[in-house]
Every structure is written in C-alpha cells, then in structure tokens.
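The values are calculated or read from the model by the stated rules, or taken from the named source; none is laboratory data. These figures come from a predicted structure and were not determined experimentally. No Cβ is skipped: glycine too gets one built from the backbone with ideal geometry, and neighbour counts run over all protein chains shown.
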Amino acid sequence: MAPRMPKDTEQKAAKAAKPVARPKAAPATAKPDLKVVASPATPDPAVGVFKLRDLIDNVATATGGKKPEVKRAVEATLAALGEALATGKALTVPPLGKLRVVKNKGPALTLKLRLADGAKAAGLALADDREDG
C-alpha cells in the first residue's frame, strides 16, 4: 500500500485541480456575409487576339499600301519598339499612350500602359507651343 497524504495536502491538490474561472470574452461582432465572386472564364484563344496579320491588314486598309510593303514597315516598327523596351526605355506613342517597363526578368518584361485619351489619343495638340494658358 502507498502511504496516504495528510488531509490538508489532499485539499490543496484538489483546489489546484479545479479549473480556473476565466472572464467571458466580449460577444463577437457579426462578420459580414462573404460574397462569392466567380473567377473569369478562360478567354477563347480565337476571340480577342489581335495577331500580326490583323495589324498588317488594318494598316494596309487604312493607308492603301500594298501588303508586302506594309508588312515590312510594321515588322520594322515592332522590332524597334521591342528593342527600345528591352533596353528599358519608356515609350510615348500618342495614339496609344505611354508604355514603360515595370519588371525585367530575363526574356520576360512586365509592362505598364497608360492609355491616351481624348485629343491626346487623336494626336492633336491641346495648345500651340507659343500659347501660354
């Protein structure tokens, strides 16, 4: 038989074993209902893609030029734009807007485009250089 503890030691052990009353937490405020937003559908590759041949066709139609000549001009323009971006230069192209490199990770560039608006998009000056105000 194991020796028995004195009565006062048993009472102290019993008191220590009792759970300590904790203050109640403030009632939780109701969380707003979550709104489920559907993820955008994967775009159809045939829709919304403007390819090089589309650009060449549009430029040939707008200028009345022959497609082989327009193709060379468009490809040279795109090559010059690509080279400028690859070297980190910002582009300001009035009909399109301002384009700059945000990140450059090897062969991949992250670009930011601020679209031109209104008279700027049409390539029109807002005021002559000689005008003040």
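For the reader, a short list of remarks on this structure follows.
- When the stretch 90-131 is filtered for residues that are at pLDDT 55 or above and more than 21 Å from residue 77 (Cα to Cα), the ones remaining, listed by number, are 102, 103, 104, 105, 106, 117, 118.
- Residue selected from the stretch 48-77 under the condition among the aliphatic types (A, V, I, L, M) and without any contact (Cβ under 8 Å) to a residue 12 or more places away in the chain, by the criterion surrounded by the most Cβ atoms within 10 Å (Cβ to Cβ): 60
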